[in-house]
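Chemist: The structure is given below, and queries will be raised subsequently.
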Amino acid sequence: MTLKVAILGAGQAGIRHITGFLAVEHAQVTAVADTDADLARHEAGRSGATPFQDWRTALDTALELDAVVVALPHHLHAEAACMAAERGLHVLMEKPMGSTLVEGRRIEEACRTAGVVLMICFVHRFRDEAIQAKAWIEAGHIGVPVNCMETIASPRGSHLGSWINSPDLSGGGVLLYTGVHAMDRLLWLVDAPLRDVHASIRTLTAGSRVEEAVTALLTFDNGAMATLNVTGPTYPAGGTSWRSEIYGTEGVIRIRARQSVEIAGNNLVQCINIGDTAAQEGEHYNFRRQAEAFVHAVLSGQDAPIPGRHGLAVLEACRMIYAHGVDEPVLR
């Protein structure tokens, strides 16, 4: 069987999803929708898909669809996912799962009621360095995680679309656009629900309508604690920088996204430079792996590796930061 997939949204994420699915056996991109008609045609041309300017039209008229990738602006996530589920289509859902918990729960309920697979796009879980870190933790090589530091800085330029700077369309700023990945990594590696939050939220740019900097102190149900630092300036600030450190009772793991992962402690000392996979399979090989996992879940009838409840947990954690964050103007 070949899974026929529609890509709803051909922005930065949608383009990477198309590339990922093109490399997966038993998958075919048959429809691409984007409000930019030229972009939709260009991206559809890569796979012989039918272009659409309206994602609703794509769902209504695209024949024999089996699944959709929802890569639209955040305020459209719930409507698109629920409409797809009502048509019996499986859903690969870009982060965040919704702008609000109400939207996220609506998506999860719609997919559960329809009996379709719902998988959340926390694509960084499919990178080599993250997979290795998780394996070391599960093997007990650092003992029990106690203190974590998560720092991610990623400039938000015009290539991402103006909607990300609108609270009504995005639901939030850098935390919901970029910080969701960092929050997912913490919840995944610590493997415990978030219990308590102390946070501060700032803007960096005069006139910004959404937050561009977040610092939070987090405590988890198992006693682990973490600091979360997320920054997303709109001025030129170089490339993305992402670092994670997980200190346990027996050792520490340090992750440098797209660069390396290392462990040091009583049980194991090792450093692995990440580069061969990206060189051989492309910089965004994790999108191919994610697409493979989604296709496998659908065709095998198994649960998705990142189900809706994980997306809800991350969304709830981000909403806790917004609820408890102290928002003050930048000192000038």
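The values are calculated or read from the model by the stated rules, or taken from the named source; none is laboratory data. If you're wondering where the values come from, they're calculated on a predicted model, not measured in any experiment. With ideal geometry, Cβ positions are generated from the backbone for all residues, glycine too; neighbour counts draw on all protein chains shown.
Chemist: Quick one: in the stretch 149-169, which of the residues that are closer than 21 Å to PRO236 by Cβ and among the small types (Gly, Ala, Ser) is surrounded by the most Cβ atoms within 10 Å (Cβ to Cβ)? Steps first, please.
Modeler: Within the stretch 149-169, the subset closer than 21 Å to PRO236 by Cβ is 151-165.
Then keep just the ones that are among the small types (Gly, Ala, Ser); that gives 153-154, 157-158, 161-162.
Values: ALA153: 19, SER154: 22, GLY157: 14, SER158: 9, GLY161: 18, SER162: 9.
Step by step, filter the stretch 149-169, then rank; the result is SER154.
Chemist: Could you tell me whether the stretch 31-38 includes any residue that is part of a helix (DSSP H, G or I), modelled with pLDDT of 95 or more, small (Gly, Ala, Ser) and crowded, with 22+ Cβ neighbours inside 10 Å?
Modeler: Going through the stretch 31-38, the residues part of a helix (DSSP H, G or I) turn out to be 37-38.
Those still in the list that are modelled with pLDDT of 95 or more too: 37-38.
Adding the requirement that they be small (Gly, Ala, Ser) leaves 37.
Those still in the list that are crowded, with 22+ Cβ neighbours inside 10 Å too: none.
Looking for residues that are part of a helix (DSSP H, G or I), modelled with pLDDT of 95 or more, small (Gly, Ala, Ser) and crowded, with 22+ Cβ neighbours inside 10 Å, one finds none in the stretch 31-38, hence no.
Chemist: Out of all the residues in the stretch 202-232, which are in contact with a Pro (Cβ under 9 Å, 6 or more places away or on another chain), outside any strand (DSSP E or B) and either closer than 12 Å to MET183 by Cβ or at pLDDT 95 or above (or both)?
Modeler: ASP221, ASN222, ALA224
Chemist: If you check VAL298 against the conditions, is it over 23 Å from SER154 (Cβ atoms), buried (at least 16 other Cβ atoms within 10 Å of the Cβ) and not acidic (Asp, Glu)? Before you say what the answer is, go through the steps one by one.
Modeler: On the way: over 23 Å from SER154 (Cβ atoms): yes; buried (at least 16 other Cβ atoms within 10 Å of the Cβ): yes; not acidic (Asp, Glu): yes.
Against the criterion (over 23 Å from SER154 (Cβ atoms), buried (at least 16 other Cβ atoms within 10 Å of the Cβ) and not acidic (Asp, Glu)), VAL298 qualifies.
Chemist: Find all pairs meeting these conditions: Cβ atoms under 6 angstrom apart; at least six residues apart or on different chains; first residue within the stretch 121-141 and free of Cβ contacts under 8 Å to residues at least 40 places away in the same chain; second residue surrounded by 23 or more Cβ atoms within 10 Å (Cβ to Cβ).
Modeler: Hits for this filter: zero, empty list.
Chemist: Filter the stretch 161-201 down to residues that are under 18 Å from VAL123 (Cα atoms) and outside any helix (DSSP H, G or I), then give me how many there are.
Modeler: Within the stretch 161-201, residues that are under 18 Å from VAL123 (Cα atoms) and outside any helix (DSSP H, G or I) number 1.
Chemist: When you check THR205 against the structure, is it assigned by TED's automatic domain parsing to the domain that holds ALA323, more than 30 Å from ASN266 (Cα to Cα), among the β-branched types (Val, Ile, Thr) and without any contact (Cβ under 8 Å) to a residue 40 or more places away in the chain, yes or no? First the steps, then the outcome.
Modeler: Values: assigned by TED's automatic domain parsing to the domain that holds ALA323: yes; more than 30 Å from ASN266 (Cα to Cα): yes; among the β-branched types (Val, Ile, Thr): yes; without any contact (Cβ under 8 Å) to a residue 40 or more places away in the chain: yes.
Spelling it out, THR205 is indeed assigned by TED's automatic domain parsing to the domain that holds ALA323, more than 30 Å from ASN266 (Cα to Cα), among the β-branched types (Val, Ile, Thr) and without any contact (Cβ under 8 Å) to a residue 40 or more places away in the chain.
Chemist: Hey, which of the helices (runs of 4 or more DSSP H) in the stretch 45-134, taking only ones fully inside, have at least 1 residues that are touching a Phe, Trp or Tyr at 6+ places or on another chain (Cβ under 9 Å)?
Modeler: Numbers: elements: 55-61, 77-86, 101-114.
Here the list reads 55-61, 77-86.
Chemist: If ALA291 satisfies every condition in (1) surrounded by fewer than 22 Cβ atoms within 10 Å (Cβ to Cβ); (2) part of a helix (DSSP H, G or I) but one, which is the exception?
Modeler: The number of the failed condition is (1).
Okay, residues lined up against (1) assigned by TED's automatic domain parsing to the domain that holds ASN229; (2) under 28 Å from GLY308 (Cβ atoms):
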{"residue": "VAL117", "(1), (2)": "no, yes"}
{"residue": "GLU129", "(1), (2)": "yes, yes"}
{"residue": "ALA135", "(1), (2)": "yes, yes"}
{"residue": "GLU138", "(1), (2)": "yes, yes"}
{"residue": "HIS141", "(1), (2)": "yes, no"}
{"residue": "MET149", "(1), (2)": "yes, no"}
{"residue": "PRO155", "(1), (2)": "yes, no"}
{"residue": "SER162", "(1), (2)": "yes, no"}
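Chemist: Name every residue in the stretch 50-61 that is buried (at least 20 other Cβ atoms within 10 Å of the Cβ) and touching a residue at least 24 places away in the same chain (Cβ under 8 Å), in order of residue number.
Modeler: Hits for the stretch 50-61 are TRP55, ALA58, LEU59.
Chemist: If the requirement is being in the same structural domain as PRO145 (by TED's automatic domain parsing), within 18 Å of LEU176 (Cα to Cα) and surrounded by fewer than 20 Cβ atoms within 10 Å (Cβ to Cβ), which of these qualifies: THR277, THR240?
Modeler: Numbers: THR277 fails: within 18 Å of LEU176 (Cα to Cα).
Every option except THR240 fails the conditions.
Chemist: Please enumerate the residues belonging to the stretch 117-148 that are more than 15 Å from the chain's Cα centre (by Cα), more than 21 Å from HIS74 (Cα to Cα), of a type in the set (A, V, I, L, M, F, W, C) and crowded, with 16+ Cβ neighbours inside 10 Å.
Modeler: So the first thing to find is which residues in the stretch 117-148 are more than 15 Å from the chain's Cα centre (by Cα), and the list is 117, 128-129, 131-148.
Okay, now just the ones that are also more than 21 Å from HIS74 (Cα to Cα), so 128-129, 131-148.
Checking the rest, the ones that are also of a type in the set (A, V, I, L, M, F, W, C) come to 131, 133, 135-137, 139, 142, 144, 146, 148.
Answer for the stretch 117-148, where residues must be more than 15 Å from the chain's Cα centre (by Cα), more than 21 Å from HIS74 (Cα to Cα), of a type in the set (A, V, I, L, M, F, W, C) and crowded, with 16+ Cβ neighbours inside 10 Å: ALA133, TRP136, ILE137, ILE142, VAL146, CYS148.
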